[in-house]
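Peer 1: First the structure, which I've put down as structure tokens, then a few questions once you've had a look.
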Amino acid sequence: DKCWFDSYIVENTDEKNELSFDSSIFYSILNTKSDEQQLIIKQKDETLEIEFLNKPDTTKNEYNKTFHIPILEYDYEELGVPEMEYDVEFSLPSKKIIETLSQLNNFGESIHIICSENTIELETNSDSGKMCVSIQSEDANSYAIVENEKIDLMFSLGHLNRLCMTSKLTHEIELNLSHNSPMKINYNLGENSHLIFHIAPKISDF
């Protein structure tokens, strides 16, 4: 949402403007920014210009920086995930779920998620051992499940661990599950902005 920005200008509002660029380079650029600098991003023809300029009221004098990265031509088929009602919807504190997934990742490659009326069970095992986590529904920030429903799904623990790896975006992470459907992972950023991931279930190997 444009309210996230101090200034947001789009010259041609009749067209949807999509930009593709190397995200790893963009990440490296952002890591050079000082807290005392403001971020300015401009599209100039086939280039993305990124500037770090000192804020007007700053007491520190950082060096101004300018970067240019090429805008790439990226042919892809956009895969739309239809809006749907999920059988289970719950949210957990982001710090707790990130810590729990990191611990589970030490014991296996897949995570077994079992949701019933009162509990969320997270399980993983391998030749090295087995770990089970039981979360009572009242301990979740929110929890809703279709009456008399039970969800039993398997996912890649490595993929899920990477998708739930930061608590800086929001204080809680929302998870939505249904039989034979991708799991929806939602970071609610506020101001009608969301970061959403979908991850397909695996065939059970337990």
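The values are calculated or read from the model by the stated rules, or taken from the named source; none is laboratory data. Here the structure is a predicted model, which is why all the values come from computation and not from measurement. Virtual Cβ from ideal backbone geometry, glycine too; neighbours counted across all protein chains shown. SASA here: full protein model, heavy atoms, side chains in, ligands and nucleic acids out. Shrake-Rupley method; radii C 1.70, N 1.55, O 1.52, S 1.80 Å.
Peer 1: Placing +1 on the Cβ of each Lys and Arg and -1 on the Cβ of each Asp and Glu in the chain, which of L48, N64, N105 has its Cα farthest towards the positive end of the resulting dipole?
Peer 2: After comparing all options, I get N64.
Peer 1: Loop-only check: which trypsin sites (Lys or Arg not before Pro) in region 3-83 are DSSP coil with at most 11 other Cβ within 10 angstrom?
Peer 2: K16, K60
Peer 1: Which entries in K60/K184; K96/K150; K2/K150; K2/K33; K16/K184 show an alpha-carbon gap greater than 31 Å? Write down the numbers at each step before the final one.
Peer 2: Values: K60/K184 43 Å; K96/K150 23 Å; K2/K150 40 Å; K2/K33 22 Å; K16/K184 25 Å.
Pairs exceeding the cut-off: K60/K184; K2/K150.
Peer 1: To the nearest 20 debye, what is the magnitude of the charge dipole of the chain about its Cα centre, counting +1 on the Cβ of each Lys and Arg and -1 on the Cβ of each Asp and Glu? Numbers along the way, then the final one.
Peer 2: Working: 16 positive and 38 negative charges, 174 e Å.
Here the chain has a charge dipole of around 840 debye.
Peer 1: Within region 1-104, list the chymotrypsin sites (Phe, Trp or Tyr not before Pro) lying in a DSSP loop whose Cβ has at most 16 other Cβ atoms in a 10 Å radius.
Peer 2: Details: sites: W4, F5, Y8, F21, F26, Y27, F52, Y63, F67, Y74, Y76, Y86, F90; in loops: F5, Y8, F21, Y63, Y74, Y76, Y86.
Counting only loop positions with at most 16 other Cβ atoms within 10 Å, the chymotrypsin sites (Phe, Trp or Tyr not before Pro) in region 1-104 are F5, Y8, F21, Y63, Y74, Y76.
Peer 1: Moving to a separate point now. What is the chain's relative contact order, in percent, from Cα pairs under 8 angstrom and six or more apart in sequence?
Peer 2: Numbers: 342 pairs, mean separation 35.3, N = 206.
That works out to 17 percent.
Peer 1: Apply 1/(1 + (r/R0)^6) to the Cβ-Cβ distance of S102 and K2, taking R0 = 41 Å, and write down the FRET efficiency to the nearest 0.05. It would help to have the intermediate numbers written out before the result.
Peer 2: Values: r = 35 Å, r/R0 = 0.86.
That pair, S102 with K2, gives E of 0.70.
Peer 1: Heavy-atom accessible area per residue, the chain, 1.4 Å probe: how many Å²? Could you put the intermediate results ahead of the total?
Peer 2: Working: 14260 Å² over 206 residues.
Accessible surface, normalised per residue, equals 69 Å².
Peer 1: A further question follows. Tell me the label-point distance for the pair K42, E109, using the 7 Å Cα-to-Cβ offset, in nm and rounded to one decimal.
Peer 2: Distance between the two pseudo-spin positions: 4.9 nm.
Peer 1: Determine which aspartates and glutamates satisfy two conditions relative to K44: a Cα distance under 18 Å, and not lying fewer than 8 residues away in the same chain.
Peer 2: List returned: E11, E15, E18, D22, E73.
Peer 1: Rounded to a whole number, what % of the accessible area of the chain do carbon and sulfur atoms account for, probe 1.4 Å? Intermediate results must be reported in sequence, preceding the final value.
Peer 2: Details: 6600 of 14260 Å².
Carbon and sulfur atoms account for 46 percent of the accessible area of the chain.
Peer 1: Go through region 96-197 and name the GluC sites (Glu not before Pro) that are in a DSSP coil and have 11 or fewer other Cβ atoms within 10 Å of their Cβ. Intermediate values should be presented prior to the final figure.
Peer 2: Working: sites: E99, E109, E117, E121, E123, E138, E147, E149, E172, E174, E191; in loops: E109, E117, E147, E149, E191.
Sites meeting the loop and neighbour criteria: E147, E191.
Peer 1: For the residue pair N148 and L30, what label-to-label distance in nm results when each label sits 7 Å from Cα along the Cα-to-beta-carbon direction?
Peer 2: Rounded to a tenth, the inter-label distance reads 4.7 nm.
Peer 1: Consider just the alpha-carbon atoms of region 1-153 and return their Rg together with their Dmax, both in angstrom.
Peer 2: Computed over the Cα atoms of region 1-153, radius of gyration and Dmax are 23.0, 62 Å.
Peer 1: Using only Cα atoms, find the angle between the long axis of helix 94-104 and the longest principal axis of the chain, and express it within 0 to 90 degrees, rounded to the nearest 10.
Peer 2: Result, in degrees: 60.
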